[in-house]
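> What follows is a structure written as structure tokens; I'll ask about it next.
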Amino acid sequence: MVFGVGLLVNAVLVAIPVGGSVGALLGIDAHRAATGQKPLFTGGNSDDGMSNGGDSTGGGGGHDTITNNGVQHTLYCDLSYGITPPSKTEQYTLNPNQWGVTSDSTGNGLCMNVTTLVNQTYAPQTAPEFSITWQFDHGPQTAPVHGYPNIRVDNVLPKEIDQISELNLDLHWTYGVGDTPAESTDVQALKNENLATNVAIDMFLDADADKSQNASEAKFEVMVWFWMSNEEAQPHGWGNPGISRTLDGTKFTLYTGKNDKEQYVLSWVTDVMTERFTGDIYPLITDLYNFGGSDYPAKDDYLGSLSFGTEAYSVNSNVTFWAEQYKIDIKS
């Protein structure tokens, strides 16, 4: 995993229907075939694109791009690539972030499809649509996660958490079998494909502002899960639930544990799949610092990074995660 005020990030379709993404993917595949490239999601991508937060124009750089009426669809199959589309409003970075893919990994791989506007003029506080299509076989039990493709908030953090008054979230996502976005999530169809994944907000906190921005050095990782497909993709501390809190009619239960980096991982997990959520999730942070003690962040610790995405464990056939809407408004 990777990694305002008054920042809003809104992943929307920018006035194009689902069919626009479908056509883009099919068109990109046809383009690859015509130019002698491998079809999408055939695995074996060795280009790690290790810019990791560097600038990307949303086109060129060897990535497949289709432009139609000022709207670009660009496919990124790199292991890691910082995609920061030029924008005249808010900034954000997307990343395929296949941090767990090695030479021993098998499957069709993972690609991120990002829709951007050529004129860089987004409606205030909006970001482009993105989707993730992937398929991996099971990894080793000691390292089952292949990646956490995500969108990260930029230019707002770090910020001391007691200087935050609200963390308003408005999102809508879906998961579906196949190479194109689904209008709704068919849980049984995904279960039939043995999908192991989760959908979550991922945050890092530390008493040191610099360390709070580093996913490897931060003392605390705080997650807010909106779906866990099965127990294979469980949080640290699963089986030992802590307190629960209900926000926007959605019940979250806290699980705590440590990862292999000895970071404290504090995960709020919904009891049921939650494709749509609108509400202030800041109480999930205040609950943690109100516990006190070294196992929980303090109120003057820094929130250094905040991202939203899906952890790719394994699945039998290609599946697509689609962030149809994503807004995050961090208020002082």
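> I'm trying to understand the selection: among the residues of the stretch 282-309, which are hydroxyl-bearing (S, T, Y) and either surrounded by fewer than 18 Cβ atoms within 10 Å (Cβ to Cβ) or outside any strand (DSSP E or B) (or both)? Break it down stepwise before answering.
Step one: list which residues in the stretch 282-309 are hydroxyl-bearing (S, T, Y), which gives 282, 286, 289, 294, 296, 302, 305, 307.
The answer is Y282, T286, Y289, S294, Y296.
> Is it the case, given these coordinates, that T180 is within 19 Å of the chain's Cα centre (by Cα), among the hydroxyl-bearing types (S, T, Y) and part of a loop (DSSP other than H, G, I, E, B)? Talk me through it step by step, then tell me what you get.
Numbers: within 19 Å of the chain's Cα centre (by Cα): yes; among the hydroxyl-bearing types (S, T, Y): yes; part of a loop (DSSP other than H, G, I, E, B): yes.
Taking the combined requirement at face value, the residue satisfies it.
> Turning to a different aspect of this structure: Six or more apart or on different chains, Cβ atoms under 6 Å: show the pairs whose first residue is in the stretch 77-95 and closer than 17 Å to T310 by Cβ and modelled with pLDDT of 80 or more and whose second is among the charged types (D, E, K, R) and not in a loop (DSSP other than H, G, I, E, B).
Between residues of the stretch 77-95 that are closer than 17 Å to T310 by Cβ and modelled with pLDDT of 80 or more and residues that are among the charged types (D, E, K, R) and not in a loop (DSSP other than H, G, I, E, B), the close pairs are T93/R152.
> Within the stretch 191-207, can one find any residue that is out of contact with any Pro (no Cβ under 7 Å at 6 or more places or on another chain), over 24 Å from I161 (Cα atoms) and basic (K, R)? Full working, then the answer.
Narrowing the stretch 191-207 to residues out of contact with any Pro (no Cβ under 7 Å at 6 or more places or on another chain): 191-204, 206-207.
After this cut, where a residue has to be over 24 Å from I161 (Cα atoms) as well, the list is 191-198.
Now restrict to residues that are basic (K, R): 191.
So far as the stretch 191-207 goes, yes, one or more of its residues are out of contact with any Pro (no Cβ under 7 Å at 6 or more places or on another chain), over 24 Å from I161 (Cα atoms) and basic (K, R).
> On the basis of being surrounded by 17 or more Cβ atoms within 10 Å (Cβ to Cβ), closer than 16 Å to I201 by Cα and modelled with pLDDT of 95 or more, does E324 make the cut? Steps first, please.
Numbers: surrounded by 17 or more Cβ atoms within 10 Å (Cβ to Cβ): yes; closer than 16 Å to I201 by Cα: yes; modelled with pLDDT of 95 or more: no.
Answer is no for this residue.
> Just for the stretch 241-276: of the residues that are aliphatic (A, V, I, L, M) and touching a Ser or Thr at 6+ places or on another chain (Cβ under 9 Å), which one is surrounded by the fewest Cβ atoms within 10 Å (Cβ to Cβ)?
Kept after step one, since they are aliphatic (A, V, I, L, M), are these residues of the stretch 241-276: 243, 247, 254, 265-266, 269, 272-273.
Next, only the ones that are touching a Ser or Thr at 6+ places or on another chain (Cβ under 9 Å) stay: 243, 254, 265-266, 269, 272-273.
Values: I243: 11, L254: 21, V265: 18, L266: 28, V269: 23, V272: 8, M273: 13.
Filtering first and then ranking leaves V272.
> When the residues of the stretch 118-155 are narrowed to those that are part of a loop (DSSP other than H, G, I, E, B), within 29 Å of S105 (Cβ to Cβ) and of a type in the set (A, V, I, L, M, F, W, C), which ends up modelled with the lowest pLDDT?
Checked the stretch 118-155; the qualifying residue modelled with the lowest pLDDT is A143.
> For the list (1) part of a strand (DSSP E or B); (2) more than 19 Å from the chain's Cα centre (by Cα), I need the number of the one condition that E217 fails.
For E217, the failing item is (1).
> Within the set of pairs 6+ apart or on separate chains, which have a first residue in the stretch 188-207 that is on the phi > 0 side of the Ramachandran plot, a second that is modelled with pLDDT of 95 or more and not in a strand (DSSP E or B), and C-beta atoms under 6 Å apart?
From the stretch 188-207, the pairs are N194/N316.
> Would you mind telling me which numbered condition in (1) of a type outside the set (D, E); (2) touching a Gly at 6+ places or on another chain (Cβ under 7 Å); (3) within 22 Å of I330 (Cβ to Cβ); (4) buried (at least 24 other Cβ atoms within 10 Å of the Cβ) L94 fails?
(2)
> Test V272 against the criterion of being β-branched (V, I, T) and closer than 17 Å to I164 by Cβ, and give yes or no.
Numbers: β-branched (V, I, T): yes; closer than 17 Å to I164 by Cβ: no.
Taking the combined requirement at face value, the residue does not satisfy it.
> Out of the stretch 72-90, which residues are among the small types (G, A, S) and either within 14 Å of the chain's Cα centre (by Cα) or within 29 Å of G100 (Cβ to Cβ) (or both)?
Going through the stretch 72-90, the residues among the small types (G, A, S) turn out to be 80, 82, 87.
Of everything in the stretch 72-90, those that are among the small types (G, A, S) and either within 14 Å of the chain's Cα centre (by Cα) or within 29 Å of G100 (Cβ to Cβ) (or both) turn out to be S80, G82.
> Regarding the stretch 233-256, can at least one residue be identified that is farther than 20 Å from E311 by Cβ, in contact with a helix residue (DSSP H, G or I) (Cβ under 8 Å, 6 or more places away or on another chain) and outside any strand (DSSP E or B)?
Checking the stretch 233-256: at least one residue is farther than 20 Å from E311 by Cβ, in contact with a helix residue (DSSP H, G or I) (Cβ under 8 Å, 6 or more places away or on another chain) and outside any strand (DSSP E or B).
> Would you confirm whether or not the stretch 205-215 contains a residue that is touching a strand residue (DSSP E or B) at 6+ places or on another chain (Cβ under 7 Å), crowded, with 18+ Cβ neighbours inside 10 Å and closer than 21 Å to A143 by Cα?
Within the stretch 205-215, one or more residues are touching a strand residue (DSSP E or B) at 6+ places or on another chain (Cβ under 7 Å), crowded, with 18+ Cβ neighbours inside 10 Å and closer than 21 Å to A143 by Cα.
> Only one residue in F252, F226, F220, F291 is of a type in the set (F, W, Y), out of contact with any Gly (no Cβ under 8 Å at 6 or more places or on another chain) and over 28 Å from P144 (Cα atoms). Which one? I'd like the intermediate steps shown before the answer.
Values: F252 fails: over 28 Å from P144 (Cα atoms); F226 fails: over 28 Å from P144 (Cα atoms); F220 fails: over 28 Å from P144 (Cα atoms).
Of F252, F226, F220, F291, the one residue that is of a type in the set (F, W, Y), out of contact with any Gly (no Cβ under 8 Å at 6 or more places or on another chain) and over 28 Å from P144 (Cα atoms) is F291.
> For Y282, indicate whether it is within 20 Å of G237 (Cβ to Cβ) and in contact with a helix residue (DSSP H, G or I) (Cβ under 9 Å, 6 or more places away or on another chain).
Details: within 20 Å of G237 (Cβ to Cβ): no; in contact with a helix residue (DSSP H, G or I) (Cβ under 9 Å, 6 or more places away or on another chain): yes.
In short, no.
> Report yes if some residue within the stretch 236-249 is of a type outside the set (D, E), within 18 Å of the chain's Cα centre (by Cα) and more than 16 Å from T197 (Cβ to Cβ); otherwise report no.
Initially, the stretch 236-249 is screened for residues of a type outside the set (D, E), giving 236-247, 249.
Adding the requirement that they be within 18 Å of the chain's Cα centre (by Cα) leaves none.
Among the residues of the stretch 236-249, not one is of a type outside the set (D, E), within 18 Å of the chain's Cα centre (by Cα) and more than 16 Å from T197 (Cβ to Cβ), which makes the answer no.
The values are calculated or read from the model by the stated rules, or taken from the named source; none is laboratory data. Only a predicted model underlies this, so the values are computations on that prediction, with no experimental measurement involved. Virtual Cβ from ideal backbone geometry, glycine too; neighbours counted across all protein chains shown.
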